[in-house]
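A quick write-up on the structure given underneath.
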Amino acid sequence: MTSPLTDGLAWLAIGLFAAATALDWYDDGHGRGRARYLAAGAWGVFGVFWLALFPHFAFEQRSFIEGALSFVALPACLYVGYLLLQGRETLFLLSRAVAFMGLIYMPFTMISPANEWLIETVAWQGEFVMRSLGYEFEVIQRDETIRGAYFFATENHGEFTINVLLACTGLGSMAIFGGLIAAVRTPVRRKLRALAVAIPVIWALNLARVVFITLAFSQQWLQVFVEPTMSLVGYENPYMVSYFISDRVIAQSLSVVALVGIAWAVAREVPELLTVGEDILYVVTGDEYDLHAAVGTDRPVAADGNGE
C-alpha cells in the first residue's frame, strides 16, 4: 500500500500536525496564529496524501468504500483547513488527534519486529478460533520472516491462501481512538478508562472480521451474483466473489457501524470527544449539532475541549 510518495506525504503531514500541536500547547491556546497556519497546511498535505492513495484503494484493492473516502478526503481536508483559518477553534482538537494517530500508527509500518509481532499475534489467535470451530488448515509463512498466512485445501473448491496483513490487525482503528483519547486534555484516569473500553472491543471485533473473511473466502460461502460482481469489479477468478462480498462489502460496512458504536461508548467516558463528532458533522453537512445534549453530558468549558 505504501510508496515513497505516500510515506513522504504521511510523515510531512504528521510532522506539521505535531508541530502545530506543540506550538499550540506552548502558547497555551493563546495567540494561535502560528499554530493555525501550520495546522491548516497540515490538513492540505493530509488531503493530498489520501488522494495519492485513491488509485490503490479504487483500482488495486477494488474497495468502493475506501476508494470513495480517499477521493473525498482532499476537499474535506481543504475545507477543514479553511475553517481553521476562519477561526473554528474546536478543530485544534481534531488536528491534535491526527498528530497522535500518526505517531501511533506510522512506527508500525517502519519497525519490522513490531509489525511482525502484531501480524503473527492476530494470525495465531485467528488460528485458535478457527480450529476451535472445527476447520482444518495450515498456518504457513507469509514471507521469509512472518508466519501469517492460512492455507486451506478444500475438496470442492481447491486450494486457498489468505494472508494476514498489517491492515488486518485493527491497528488503524486502535490508532484512531488512541489518537483521539491522547489529544483530549483530561485526567489520565479517564483516558485509561476510555482506552479500556475501545482497545479490547476493537481487537475482538477485528479478530472476528479476520475469521469471517477467511472462512467466507476459503469455504466459498458468498458465491452470489457472481457474473455481475465479476463484471463490476473486474475479477477473472469467480472464487474471488466470496472474498469481495465478505471483505469489501460486509466487513467494511459493518466496520463503519462498529466504529460509530465504539465512539459513542468512548464518549461516555471522555465526553470532550463529542466536540470532534460535532466538527465532523459540520464539515459533512454544513449544520451545527449538539452531541453533548444528545448524550446528556455537559459541554467542556474550553472551545477545543481543554476544560473539564
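Remarks
- Think of the chain as a dipole: +1 on every Lys or Arg Cβ, -1 on every Asp or Glu Cβ, centred on the Cα centre; then among 157, 221, 22, 22 lies furthest on the positive end.
- Local net charge near residue 116, Cβ-Cβ under 13 Å (Lys/Arg +1, Asp/Glu -1): -1
- A Cβ-based charge dipole, computed about the Cα centre of region 1-88 with Lys and Arg at +1 and Asp and Glu at -1, lands at about 220 debye.
- Between region 171-210 and region 34-72, the alpha-carbon center distance in angstrom: 23 Å
- Charge sum, other residues only, whose C-beta stays under 11 Å from residue 80's C-beta, Lys/Arg counted +1 and Asp/Glu -1: 0
- Highest mean first, the peptides 248-258, 269-279, 151-161 sorted by other C-beta atoms within 10 Å per residue fall in the order 269-279, 248-258, 151-161.
- Per-residue ellipticity at 222 nm from helix content only, as computed over the chain with -39500 (n - 2.57) for each DSSP H run of at least four residues, stands at -21500 deg cm²/dmol.
- The order of the peptides 123-134, 96-107 by mean Cβ neighbours within 10 Å, most packed first, is 96-107, 123-134.
- Electrostatic tally near residue 273: other residues with Cβ closer than 11 Å to its Cβ, Lys and Arg +1, Asp and Glu -1, net -1.
- Per residue, the convex hull volume that the Cα atoms of region 13-82 enclose (Å³): 72 Å³
Values quoted throughout were computed directly from the atomic coordinates according to the rules given, and no laboratory measurement underlies them. Since the structure is predicted, the reported quantities are computational estimates derived from the model, not experimental observations. With ideal geometry, Cβ positions are generated from the backbone for all residues, glycine too; neighbour counts draw on all protein chains shown.
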